[in-house]
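Read through the structure below, which is laid out as structure tokens, and then see the notes.
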Amino acid sequence: MSTVLDMRRRLEAHSRWLALDPDGERLDLSGADLTKANLSGACLAEALLSGADLSGALLSAADLSGAELEQARLDGADLTAASLVKANLHRASLQGAVMKGAKMKRSDMGDTDLQRADLSEADCEGVLFAGADLRHADARNAKLSHCLFDGALVYGLNLSGADLDGAKGSHVHFSRERDGSDTGDITRLH
């Protein structure tokens with residue numbers, strides 16, 4: 001990323017693209033280094049961010065709905081109250097990320113690293129958590145209804161007050177490692 005002014009121009013062009021303006025351009029920051037960038041409140045809906053490094057970025061209240069974030073790094077990022085509805089975060093890393101109150105309905109978080117992430121009060125209805133690493137994550141009072149947890153690691157996952165209505169999962173790992181020694185179905189989470 002070159003300058004703040006350049007980013008502002010690119011975000012404006014992206015907003016025009018979302019409005020179907022022929023002068024607009026879809027934001028493509030795939031593979032970009034956006035470490036500690038301040039994108040709070042930014043409209044990044046449907047943006048291409050696959051492989052981008054957003055570690056420590058400020059993305060509170062940002063709109064990332066429909067964004068492509070496959071294999072992106074968001075370790076320690078602040079996504080408080082962000083919208084990640086239908087976002088693709090497959091194989092992304094969100095270790096220690098704060099997603100308190102985020103809206104993530106129907107997002108793909110398959111094989112995503114969410115160790116020590118704060119998902120408290122998040123709306124994760126219908127999220128695909130298959131193969132995700134949720135060890136020591138905090139999902140207190142989160143809406144996890146109709147989520148799929150097949151093969152997920154959930155050791156130390158805090159689910160106090162969470163809504164798991166209709167959640168499913170088989171071969172869920174309840175041990176510290178993914179060695180298969182302590183697996184079961186989602187009913188053990190209730």
**Prompt:** How much of Arg9 can a 1.4 Å solvent probe reach, expressed as accessible area in Å² and rounded to 10?
**Reply:** 140
**Complete:** Plugging the Cβ-Cβ distance of Ala13 and Lys168 into 1/(1 + (r/R0)^6) at R0 = 41 Å yields, to the nearest 0.05, a FRET efficiency of 0.50
**Request:** Summarise the long-distance tail of P(r) for the chain by giving the % of C-alpha pairs beyond 27 Å.
**Result:** 26
**Request:** With +1 on each Lys and Arg Cβ and -1 on each Asp and Glu Cβ, and nothing else charged, work out how big the dipole of the range 1-122 is about its Cα centre, in Debye to the nearest 20.
**Result:** 260
**Prompt:** To the nearest 10 square angstrom, what accessible area does Thr80 show with a 1.4 Å probe?
**Reply:** 50
**Prompt:** Ordering Cys124, Cys43 by how much accessible area each has at a 1.4 Å probe, largest first, what is the list?
**Reply:** Cys43, Cys124
**Item:** Overall form of the range 98-152 per C-alpha gyration tensor (a/c, 1.5; a/b vs b/c)
**Value:** oblate
**Between 0 and 90°, nearest 10: helix 4-18 axis offset from the chain longest Cα axis** = 80
**Prompt:** If you rank His14, His90, His136, His173 by how much accessible surface each has, with a 1.4 Å probe, what is the order from largest down?
**Reply:** His136, His90, His173, His14
**Asked** How would Ser107, Ser15 rank on accessible area, largest to smallest, probe 1.4 Å?
**Response** Ser15, Ser107
**Request:** Provide the gained length on full extension for the span Arg140 to Asp21, in nm with one decimal, where the gain is 0.36 nm per separating residue minus the Cα-Cα distance.
**Result:** 38.7 nm
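The values are calculated or read from the model by the stated rules, or taken from the named source; none is laboratory data. For clarity, every value in this text was computed on a predicted model and none was experimentally measured. Heads up, the Cβs are rebuilt from the backbone with ideal geometry, glycines too, and the neighbour counts pull from every protein chain shown. Note: areas computed on protein heavy atoms with side chains; ligands, DNA, RNA excluded. Shrake-Rupley method; radii C 1.70, N 1.55, O 1.52, S 1.80 Å.
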